[in-house]
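In what follows, a structure is listed as structure tokens, so that the remarks can point back to it.
The values are calculated or read from the model by the stated rules, or taken from the named source; none is laboratory data. None of the values given here were measured: they were computed from a predicted structure. Counting neighbours? That spans all protein chains shown, and the Cβs are built from the backbone with ideal geometry, glycine included. What goes into the accessible areas is simple: the full protein's heavy atoms, side chains included, and nothing from ligands, DNA or RNA. Shrake-Rupley method; radii C 1.70, N 1.55, O 1.52, S 1.80 Å.
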Amino acid sequence: MTVEEKTWALLNQALEVYQDNPRAVGWLQTQCARFAEPLRIAVAGAEGSGKSTMVTALVGAPVTSPIVSWPSRGLGDLILVDEPSQDADAVLFLLRHPADTVPMDGGMHTIAVLSHADELGGGRVDALISARQIARRRRREPEIGEVCDLIAVAGLAAAAGRMVDETQFDALALLAGCGREELAPWLLSADRFVRPECPAPVQPEVRAALVRSFGLFGVRLAVTLLRQGCDTAPKLSAQFQQRSGLSDLRDGIGQCFAEHAPVLKSRTALLALEALLRRELQPGAGALGVELDRVLAGAHEFRALRALSSLRTGRTVLTPELADEARLLLSGAQAAPDTLGRWKEIAEDSLLSSTDRATARVVVRTCEEALVSGMTG
């Protein structure tokens, strides 16, 4: 049985155990219904980390509700919520500064986001290059927690870039038409850029609105892109998604969350059931608790997700070829018998680190289950 099937069986078993407890039954029915709903992703972070801006960037429209349905193209339907809770299956945890930490209970269901990545390079057009280098280094640090990934995003530019209108585009085009040497000194800071004496052919209040919407990094980036031939608002918007890091974040959500939605939803339901058993004492619940502990401890799908996270962040340092093969196998690729034998040897290689050997053991188990499934399917 898969972990989803085991979870469903446990929830129905719990409904029988708690059938005389209306409060518990209602709560369990809600958990059962959640299995048919989209994956829920909480957007969390300290004050000033840019949560609403990041949700706007992902959805592509201003958002006022704390719960947003996101019919994301290519990722399936997802739901974004504005804070973590027992109802969230995965978390985007926003970091304002690279030195900020991620809650250590994040683990396999958390992507950390450097949400003000443009500030790390002083708002320069190449700021995201520096931010991505910082993110790569920090992924390997134990202080960041066992996150699925750490991704650099210029949040303000990402949000504004999704919604470039013709008025904004025309104003940016006028700025791009200025000579480089003439405009560059005024783009050194937001304060200088909005001064009345700035020679740009755009009114100060319009320049101020552009800075509020795009940030100084976004204005600089837009001017650069327009000078390079990005001649329509849709083209500019597409470039902003790529250059702001938003495309990287969408890819990360797809690979870490959307592709593993059933497993993540199972984990949420099992942890919620564990909380119910602690909170609501009931005759007959003891055996249910024992079975729940067995599923939580033995679910190979959870170990596979942890291994994938370690590979993605670089905590598992296999050769590029082995790492690529491990990712494919852990993601469901068919394994051949000789593949299983080779990974058994890797799992016993004393020259590898304990983390690498642990990852290899998870790959071995994945291959074994795939081969058994192939023979019985």
Failed item, numbered, when A261 is tested on (1) over 23 Å from R34 (Cβ atoms); (2) in contact with a strand residue (DSSP E or B) (Cβ under 6 Å, 6 or more places away or on another chain):
(1)
Free of Cβ contacts under 8 Å to residues at least 40 places away in the same chain, part of a helix (DSSP H, G or I) and open to solvent by 10 Å² or more (accessible area, probe 1.4 Å), is that true of A184?
yes
Being touching a strand residue (DSSP E or B) at 6+ places or on another chain (Cβ under 7 Å) and more than 16 Å from L75 (Cβ to Cβ) is the filter here, so list the residues in the stretch 264-283 that pass it.
none
In the stretch 284-328, what residues are modelled with pLDDT under 85, assigned to a loop (DSSP other than H, G, I, E, B) and either over 18 Å from the mean Cα position of the chain (by Cα) or closer than 19 Å to R342 by Cβ (or both)?
G284, T316, V317
Would you mind stating whether L246 is surrounded by fewer than 21 Cβ atoms within 10 Å (Cβ to Cβ), under 20 Å from the mean Cα position of the chain (by Cα) and either at pLDDT 90 or above or among the hydroxyl-bearing types (S, T, Y) (or both)?
no
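Looking at the stretch 153-167, is at least one residue closer than 19 Å to V113 by Cα, in a loop (DSSP other than H, G, I, E, B) and out of contact with any strand residue (DSSP E or B) (no Cβ under 6 Å at 6 or more places or on another chain)? Before the answer, list the steps.
Within the stretch 153-167, the subset closer than 19 Å to V113 by Cα is 153-162.
When the remaining residues are screened for being in a loop (DSSP other than H, G, I, E, B), the result is 153.
Keeping just the survivors that are out of contact with any strand residue (DSSP E or B) (no Cβ under 6 Å at 6 or more places or on another chain) gives none.
No: the stretch 153-167 contains no residue that is closer than 19 Å to V113 by Cα, in a loop (DSSP other than H, G, I, E, B) and out of contact with any strand residue (DSSP E or B) (no Cβ under 6 Å at 6 or more places or on another chain).
Would you kindly identify the strands (runs of 3 or more DSSP E) lying entirely within the stretch 45-96 that contain at least 1 residues that are open to solvent by 20 Å² or more (accessible area, probe 1.4 Å) and hydroxyl-bearing (S, T, Y)? Break it down stepwise before answering.
On the way: elements: 67-72, 76-81, 90-95.
Output list reads 67-72.
Restricting attention to the stretch 7-29, does a residue exist that is under 20 Å from I253 (Cα atoms) and surrounded by 16 or more Cβ atoms within 10 Å (Cβ to Cβ)? So that I can check it myself, show each step before the final result.
Within the stretch 7-29, the subset under 20 Å from I253 (Cα atoms) is none.
Taking every residue of the stretch 7-29 in turn, none turns out to be under 20 Å from I253 (Cα atoms) and surrounded by 16 or more Cβ atoms within 10 Å (Cβ to Cβ).
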Filter result (under 19 Å from S244 (Cα atoms), surrounded by 24 or more Cβ atoms within 10 Å (Cβ to Cβ) and β-branched (V, I, T)) within the stretch 132-167:
I151, V153
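Yes/no matrix, rows are residues, columns are (1) more than 30 Å from E16 (Cβ to Cβ); (2) open to solvent by 60 Å² or more (accessible area, probe 1.4 Å):
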position: R227; (1), (2): yes, yes
position: R267; (1), (2): no, no
position: L277; (1), (2): no, no
position: T313; (1), (2): yes, no
So, in the stretch 30-44, of the ones that are part of a loop (DSSP other than H, G, I, E, B) and touching a residue at least 24 places away in the same chain (Cβ under 8 Å), which residue ends up surrounded by the fewest Cβ atoms within 10 Å (Cβ to Cβ)?
E37
Out of (1) at pLDDT below 90; (2) aliphatic (A, V, I, L, M); (3) over 16 Å from A258 (Cα atoms), what's the single condition that is false for M108?
(3)
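Restricting the stretch 119-131 to residues that are open to solvent by less than 30 Å² (accessible area, probe 1.4 Å) and of a type outside the set (A, V, I, L, M, F, W, C), which is nearest to I151 (Cα to Cα)?
Residues of the stretch 119-131 that are open to solvent by less than 30 Å² (accessible area, probe 1.4 Å), as a first pass: 121, 123, 127-128, 131.
Applying the additional criterion that residues be of a type outside the set (A, V, I, L, M, F, W, C) yields 121, 123.
Values: G121: 15, G123: 17 Å.
Only one residue tops the list, namely G121.
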Scope the stretch 315-359; condition polar (S, T, N, Q) and either in contact (Cβ under 8 Å) with a residue 12 or more places away in the chain or crowded, with 19+ Cβ neighbours inside 10 Å (or both); matching residues:
T316, S331, Q334, T339, S353, T355, T359
